[in-house]
Each structure stands twice: as C-alpha cells, then as structure tokens.
Amino acid sequence: MQAAVVTAFGKPLALQEWDIPTAGPGQILVKTEACGVCHTDLHAAKGDWPLKPTLPFIPGHEAIGLVVALGAGVTIVKEGDRVGVPWLYSACGHCEYCLSAWETVCGKAEFGGYTRNGGFAEYVLADPNYVARIPTGLGPKEAAPLICAGITTYKGIKETEAKPGEWIAISGCGGLGHLAIQYAKAMGLHVCGIDIDDGKLDHARRLGADLVINAKTANPAEILKNAIGGGAHGVLITAPSLPAFKQGVEMTRKHGICVLNGLPPGEFPLPLFNVVANCITVRGSFVGTRKDMAECLEFAADGRVKADIELQPLSAINDIFERLEKGEVPSRVVIDFTGGSQAMAAVPARNAVAA
C-alpha cells in the first residue's frame, strides 16, 4: 500500500510502499476512502509535544473507509461497513475515566496517527470498539473532518455550558472554527466569531455568525462587551495562539466558562485576579467521547453542519503541511483516496506491517 511516513521529526514525509497490515484479534482492517489533515498531524510530524510518536509512523486521524477484514472475535462491525478511524484509537475500558464516559483522558488511551499508525495510507487498522459509525447519506469526504475537527468543537461548545439564546464567542474561524460556528447555531446559540483574517470573518458571517471581530484591528473583549453587555456566556478558543487565549478569558462573562481547544506552544498567561474576582471557569477540552462523536455526526447527516473541504491527493501532503504551518489553509484539507492512482513516486522502503 502507499503511505506517507514520518521517518524523522521535522523532515518532509516520505512517500513509501508498505505491506497491507493484517487485522489481528479484536482488530479490523479499513480501506481508506478519505482522510482529513489536521494541525495535530503537523505537530506529530515535527515532534512538537513531550510524548513523541515512535519513528517511523504514519500520521492521520480523520480516516474514513470501508471495513474489508475482521480479526478474530470481532462481531460489532461487519465487512462493508463505513467507519471512521479517529484520534482516540482505543482506551482501556475499565478505569474510572472510561467507566464515567471520559475515555478521552484514559491513562492507557492510544491515539490514531500518533501512537498507532493512521490514515495517511491506503489501509489502516482500527479497534472496532472505538471507530466512528458514519451515518447513511454522509459521504466519506464530507465526514472526514468531522471525526476530529467536528467532534472537538462540538464537545468544546458543550463544555462551555452555554444555553440556547445565550452568546458564545468562537476565537479562530478556520478549520475548527468554521465548524464550531455551525454547531453553535444548530444548538440555538448566538455566535461571535473572532479572527485576524477578514476572509475567514466573511466566511463566518455566511455561516451565520451574528457578530464578527477582527482581533488584529480591534479589541474583541471591549467590542463584545459593548455589543451584548457583559461578555460571552461561553468562549471557545480554537486558534493555536497565546494572544487568543488571553483575549478569550477577557471576553468571558462573569461566571462564564472559557474552553480551550487550541494547543499553542508556550505557557498560558492566565489573568488570575480577573478569573477569581469574576468567578470565571477556564477548562480544557480534548476531542470528545464516542457519544459526542455520534451526536456530532448526526448534525451533519441532518444537513445542519457541513465542513468546507479542499480535496488533495496523498502526494501533496508535504505541500499541505507547509500551507498549514503558514496559515494558508482556509478550512479543511481532505486527502482523497478514491480518485485512482495517487500519482506519486513512492520511495523504496522496508517491507513494513503497519501496527
């Protein structure tokens, strides 16, 4: 199979031929139809985070495809089912977090495209207990961004605890934020979109944002508080930017909740006096659970949320990463595996079985 492989941190991905993996006991083999590209894939390839993947590895955690083989003991999916192989590859299933439906923070969780090989390949292994079930009528290319960007923003909005009719501020209106705006409107919230790109703000208006603010030319907290009186009931920060994190807390209403999705490098400059005096909650939100996944996909199946996607072949992955790093991807890129040959010169590699 063809795969885009990280062979060294910070270096271009190598386009290689690997053996098609075999589904072991409790595993399934998925033939990839589409795989979204996420900023987390770029972090993984650069080795940005303290816990680094083991080299070599295949990134990609927004893979959608058809089940083509079942390992021993698998009964909950069947061949021909369309599934998604998400960031949460698996969890232990029996710790206090798993038992309370917080499997995303399980201490033994495995992650697709990080601790397990992912979807930048024509085939990918998966744990059937943790795959996303793609609703009938939702195509693979449309579904791909939803099993990471979609679930991440949907869960983040839930974590703000904002109620229908209240205001939510969404900082960052690009790949995650454009989906967050749609989920928030579908959930009955008033939306303020914040970005530093006028094109993304125009897009936010078209998606239904009630108010937009360019943080490069104006003070978002001041404008928002003047416009609605007292700040947003909930704030969701999707932008990987420390200034955006600071602005997010400043935009939060007294007794409101500011939720962090983005992961910029560095330390968060939390204004402690304001947080304490105004009884503000600052909360991290990390992707979402299997229940959240099912819910967020149903919004899309019902036509209320649609990812804006740009289709590219696997051979373009290094160009995609370069554009991601420069902030030149307006929404979400999806690698299309259904258009025939990937038209790439594969680099000879070891005969490897993706694990």
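The values are calculated or read from the model by the stated rules, or taken from the named source; none is laboratory data. Computed from a predicted model, the values in this text were never measured in an experiment. Using ideal geometry, Cβ is built from the backbone for each residue, glycine included, and neighbour counts are taken over all protein chains shown.
Restrict the check to segment 136-146 and report whether at least one residue is assigned to a loop (DSSP other than H, G, I, E, B), modelled with pLDDT of 95 or more and crowded, with 22+ Cβ neighbours inside 10 Å.
no
Yes/no matrix, rows are residues, columns are (1) assigned to a strand (DSSP E or B); (2) assigned by TED's automatic domain parsing to the domain that holds Q182; (3) over 24 Å from A4 (Cα atoms):
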| site | (1), (2), (3) |
| --- | --- |
| A239 | no, yes, yes |
| E298 | no, no, yes |
| V305 | no, no, yes |
| A316 | no, no, no |
| F321 | no, no, no |
| E328 | no, no, no |
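Which members of segment 309-327 meet the condition of being at pLDDT 95 or above and in contact with a helix residue (DSSP H, G or I) (Cβ under 7 Å, 6 or more places away or on another chain)?
I309, L311, Q312, F321
On the given criteria, is G266 in the same structural domain as A143 (by TED's automatic domain parsing), surrounded by fewer than 16 Cβ atoms within 10 Å (Cβ to Cβ) and in a loop (DSSP other than H, G, I, E, B)?
For G266, the condition - in the same structural domain as A143 (by TED's automatic domain parsing), surrounded by fewer than 16 Cβ atoms within 10 Å (Cβ to Cβ) and in a loop (DSSP other than H, G, I, E, B) - is not met.
Kindly indicate whether any position in segment 215-232 is under 18 Å from S331 (Cα atoms), buried (at least 22 other Cβ atoms within 10 Å of the Cβ) and not acidic (D, E).
The answer is no, given that none of the residues of segment 215-232 is under 18 Å from S331 (Cα atoms), buried (at least 22 other Cβ atoms within 10 Å of the Cβ) and not acidic (D, E).
Exactly one condition in (1) hydroxyl-bearing (S, T, Y); (2) under 30 Å from E17 (Cβ atoms); (3) not assigned by TED's automatic domain parsing to the domain that holds R304 is false for S90; which is it?
In the conditions (1) hydroxyl-bearing (S, T, Y); (2) under 30 Å from E17 (Cβ atoms); (3) not assigned by TED's automatic domain parsing to the domain that holds R304, S90 misses (3) alone.
Restricted to segment 170-205, and to residues that are buried (at least 22 other Cβ atoms within 10 Å of the Cβ) and part of a loop (DSSP other than H, G, I, E, B), which residue is farthest from the chain's Cα centre (by Cα)?
Filtering first and then ranking leaves L189.
Of the residues that sit in segment 64-91 and are under 15 Å from L297 (Cα atoms) and either charged (D, E, K, R) or out of contact with any Phe, Trp or Tyr (no Cβ under 8 Å at 6 or more places or on another chain) (or both), which one is surrounded by the fewest Cβ atoms within 10 Å (Cβ to Cβ)?
R82
Is there a residue in segment 148-160 that is buried (at least 24 other Cβ atoms within 10 Å of the Cβ), part of a strand (DSSP E or B) and among the aliphatic types (A, V, I, L, M)?
No: segment 148-160 contains no residue that is buried (at least 24 other Cβ atoms within 10 Å of the Cβ), part of a strand (DSSP E or B) and among the aliphatic types (A, V, I, L, M).
Restricting to segment 206-224, name every residue that is outside any loop (DSSP other than H, G, I, E, B) and either under 17 Å from I181 (Cα atoms) or in contact with a helix residue (DSSP H, G or I) (Cβ under 8 Å, 6 or more places away or on another chain) (or both).
R206, L211, V212, I213, N214, P220, A221, L224
Please enumerate the residues belonging to segment 110-123 that are crowded, with 21+ Cβ neighbours inside 10 Å and over 14 Å from C148 (Cβ atoms).
Those that are crowded, with 21+ Cβ neighbours inside 10 Å and over 14 Å from C148 (Cβ atoms): R116, N117, A121, Y123.
Run down H255, H233 and say which single residue is within 30 Å of A101 (Cβ to Cβ), without any contact (Cβ under 8 Å) to a residue 40 or more places away in the chain and outside any helix (DSSP H, G or I).
It is H255.
If you go through segment 272-294, how many residues are under 17 Å from A232 (Cα atoms) and either of a type in the set (S, T, Y) or assigned to a loop (DSSP other than H, G, I, E, B) (or both)?
4
Of all the strands (runs of 3 or more DSSP E) wholly in segment 6-95, which have at least 1 residues that are touching a Gly at 6+ places or on another chain (Cβ under 8 Å)?
Counting at least 1 such residues, we get 28-37, 63-70, 82-85, 88-90.
Pick from E79, E17, E62: which is in contact with a Leu (Cβ under 9 Å, 6 or more places away or on another chain) and farther than 29 Å from P240 by Cα?
E79
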